[in-house]
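Report on the following structure.
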Amino acid sequence: MRLRRLFILGLVLAFAGITQAADILKVQDVEVASGESVTLNIEMTNTTTNLMGWQCDISLPEGLTLELKSNGKPKATLGERFSTTEHTISSSILANGDYRFIATSMDGEAIPGSNGTLFSVTLKADASLKQGTKLTGTIKNIEFNTQDNQKMTMGDVTFSVAIAGGDSPGGDTPGGDTTKEGLNVDNVSLSAGASLPVGIALNNTATNLMGWQCDINLPEGLSLELKVNGKPAATLGERFSTTEHTISSNRLANGDYRFIATSMDGEAIPGSSGMLFSVTLVADTSLTPGTTLTGTIKNIEFNTQDNQKVTMGDVTFTISVTDVTMLGDANGDGVVDVADVVAIVNYILNKPGENFDEQAADVNNDSVIDVADVVAVVNIILKGGAGSD
């Protein structure tokens with residue numbers, strides 16, 4: 001048994017240097033009307049803790065441009081992750097028309113946190129673009145530098161830009177334009193009897209939004225995790241690490257779940273993109289694998305610092321019920337063992353096996369398969385048991 005433990009732990013140590021492979025740059029697909037503009041957030045989820053700065057180029061197809069500053073260079077704003085550091089960002093337009101961005105800390109500070117927006121730009125759609133057109137932008141030549149002067153490169157990241165109609169729903173937003181606001185929830189999958197964290201995120205251009213209220217409606221067979229007092233459990237997102245916002249919840253007479261968040265100090269919601277709050281979705285054991293259900297966030301209302309209200313339309317998301325998964329059984333052979341550790345490591349290194357099961361491999365349920373999941377599988381093996389979703 002001792003040799004077995006040493007062998008497994010040795011594998012973990014051997015793979016300790018691969019955390020950079022789990023660092024992910026991402027951009028959400030956006031929708032914009034012709035002749036209008038929209039905020040584009042470049043986000044980063046990272047496990048590497050000594051990243052200091054980065055460089056990347058944004059390539060756009062004909063009809064799309066980025067907003068420029070008065071000096072003719074692309075306008076860019078650092079994300080909320082940098083509120084406590086001295087990072088700066090500079091930009092230029094290359095000879096091929098691409099937009100280059102370079103950010104660093106002259107004091108050698110690391111990029112703070114492990115998730116959130118690196119920087120934002122404003123994407124402009126030419127008035128000549130036709131409704132229904134879908135274009136693709138690319139972030140390329142992505143390179144990060146570390147505090148010990150090492151380089152880490154990433155592959156290209158693409159995002160789609162859908163050209164919408166010119167008449168978007170919604171009225172005027174105090175401090176911004178409601179057509180640019182967007183509450184969104186990712187579609188999720190989980191097995192009957194399992195639970196899964198679900199995040200409710202907001203992309204916003206209005207800078208004076210202070211709090212919000214919304215109701216979550218779920219179909220039969222789905223519920224939200226409750227606190228000991230019987231009220232829905234909810235956790236504020238990373239955007240609120242520097243504010244005094246609080247969130248409260250209740251179960252309504254119709255079965256919906258209501259959430260209300262505000263700042264008693266009158267602080268605005270920080271940043272322009274990221275998680276507002278998260279809840280835990282619970283699937284009843286009676287649900288049949290293969291079933292797809294729909295949840296709805298409705299009665300969405302934001303209040304501003306000058307006591308105005310901003311309403312939004314309903315937002316829906318799908319929940320796919322899957323077969324019961326044995327957590328840690330990444331290779332799908334029905335056993336959690338060292339072979340699953342190797343399978344996850346190969347996946348992180350972009351060499352997934354033919355039968356690789358992403359749901360089983362994401363042991364900690366954070367929607368990212370990385371070294372944390374390798375360690376979790378090792379813990380399952382060392383405990384002599386298998387996890388269940």
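Here the extension length gained between ASP337 and THR84 equals 86.8 nm, from 0.36 nm per residue of separation less the Cα-Cα distance. Cβ under 10 Å from GLY274's Cβ, GLY274 left aside: what net charge do those residues give with Lys, Arg +1 and Asp, Glu -1? With Lys, Arg at +1 and Asp, Glu at -1, the neighbours total -1. Using a Gaussian network model of the chain in which every pair of alpha carbons under 10 angstrom is joined by a spring, one finds that among ALA330, ALA360, ALA376 the greatest mean-square fluctuation is at ALA376.
Scale the Cα Rg of segment 253-302 by the rule-of-thumb value 2.2 N^0.38 Å and send over the ratio, two decimals.
It is 1.62.
When the Gaussian network model of the chain links Cα atoms closer than 10 Å, the mean-square fluctuations of LYS69, LYS151, LYS134 top out at LYS69. Judged by the ratio a/c of the largest to the smallest principal axis of the C-alpha gyration tensor, segment 239-362 counts as prolate, that ratio being 1.5 or greater while a/b is larger than b/c. Each residue was assigned an accessible area with a 1.4 Å probe, and for LYS73 the value is about 90 Å². Stretching the chain fully between GLU67 and LEU382 yields a gain of 108.0 nm (0.36 nm per residue, less the alpha carbon separation).
Ordered from highest to lowest accessible area with the whole protein assembly present and a 1.4 Å probe, ASP148, ASP362 read as ASP148, ASP362. Taking 1.567 mPa s as the viscosity and 4 °C as the temperature, the Stokes-Einstein diffusion coefficient of segment 66-148 based on its alpha-carbon Kirkwood radius rounds to 87 µm²/s.
Taking the Cα centre of segment 262-359 as origin and assigning +1 to Lys and Arg Cβ atoms and -1 to Asp and Glu Cβ atoms, the resulting dipole is close to 360 debye. All other residues whose Cβ lies under 13 angstrom from that of ALA162 are scored, Lys and Arg at +1 and Asp and Glu at -1, for a net of -1.
Rounded to whole numbers, the Karplus 3J(HN,Hα) couplings from phi for segment 222-234 are 10, 8, 10, 4, 10, 7, 5, 7, x, 8, x, 7, 8 Hz, using 6.51 cos²θ - 1.76 cosθ + 1.60 with θ = phi - 60°, and x at Gly and Pro. Converting phi to 3J(HN,Hα) with the Karplus coefficients 6.51, -1.76 and 1.60 and the offset θ = phi - 60°, segment 57-65 yields 10, 10, 10, 10, x, 4, x, 10, 9 Hz in sequence order, with x at every glycine or proline. Report the Cα centroid-to-centroid distance between segment 290-316 and segment 47-110 in angstrom, as an integer. Answer, in whole Å: 32. Each 5 Å bin from 0 upward holds the following percent of the Cα-Cα pairs of segment 42-94: 4, 12, 25, 24, 17, 11, 6, 1. Selection among THR146, LEU190, ILE247 by position relative to the dipole of the chain gives THR146 as farthest towards the positive end (Cβ unit charges, Cα centre). Computed in the context of the full set of protein chains, the accessible area of the chain at 1.4 Å probe radius has 47% of its extent on carbon or sulfur. With 0.36 nm allotted per residue and the present C-alpha distance subtracted, the LYS140-LYS309 stretch has 56.9 nm of extension available. Magnitude of the charge dipole for the chain, about its Cα centre and with charges confined to Cβ atoms of Lys, Arg (+1) and Asp, Glu (-1), is about 380 debye.
Converting phi to 3J(HN,Hα) with the Karplus coefficients 6.51, -1.76 and 1.60 and the offset θ = phi - 60°, segment 247-252 yields 10, 10, 8, 7, 9, 7 Hz in sequence order, with x at every glycine or proline. Size check on the chain: the Cα extents along the three principal axes, sorted descending, read 67, 58, 43 Å.
The values are calculated or read from the model by the stated rules, or taken from the named source; none is laboratory data. Computed from a prediction, not measured in an experiment: that's the story for all the values here. Reconstructed Cβ throughout: ideal geometry from the backbone, glycine too, with neighbour counts over all protein chains shown. Quick note on the areas: whole protein, heavy atoms, side chains included, nothing else; ligands and nucleic acids left out. Shrake-Rupley method; radii C 1.70, N 1.55, O 1.52, S 1.80 Å.
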